[in-house]
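Have a look at the structure below before the remarks.
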Amino acid sequence: MGRAAAASGQRDPFAVDEDAALAELELAWADGGYHGFSANDGLWSAVSSAGEVLTGGTPDALDRAIRAHWQAKQ
């Protein structure tokens, strides 16, 4: 359905709204010391306050990586 939807001009219901996902990640983690959220070619990333780059293949995977990193610092 993805290709058919794209060909007909319809929005892919399974596509991630990158801008909205990045805004939510920033809202959730900026106070924890994470910044520089981005999504490029399917790689989602954030930078810790110590300069470490955390990555994930999806917004959820990046969130899990940040959560694990944050918990390890505690």
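The values are calculated or read from the model by the stated rules, or taken from the named source; none is laboratory data. What you are looking at is a predicted structure, and each value in this text was computed from that prediction instead of being measured. Neighbour counts are summed over all protein chains in view; Cβ atoms, including those assigned to glycine, are modelled from backbone coordinates with ideal geometry. Please note that ligands, DNA and RNA were not included when accessible areas were found on the heavy atoms of the full protein model with its side chains. Shrake-Rupley method; radii C 1.70, N 1.55, O 1.52, S 1.80 Å.
Out of curiosity, is A39 out of contact with any strand residue (DSSP E or B) (no Cβ under 7 Å at 6 or more places or on another chain) and open to solvent by less than 50 Å² (accessible area, probe 1.4 Å)? Against the criterion (out of contact with any strand residue (DSSP E or B) (no Cβ under 7 Å at 6 or more places or on another chain) and open to solvent by less than 50 Å² (accessible area, probe 1.4 Å)), A39 qualifies. Exactly one residue out of A68, A61 is assigned to a helix (DSSP H, G or I), open to solvent by 30 Å² or more (accessible area, probe 1.4 Å) and either modelled with pLDDT under 95 or not polar (S, T, N, Q) (or both), and it is A68.
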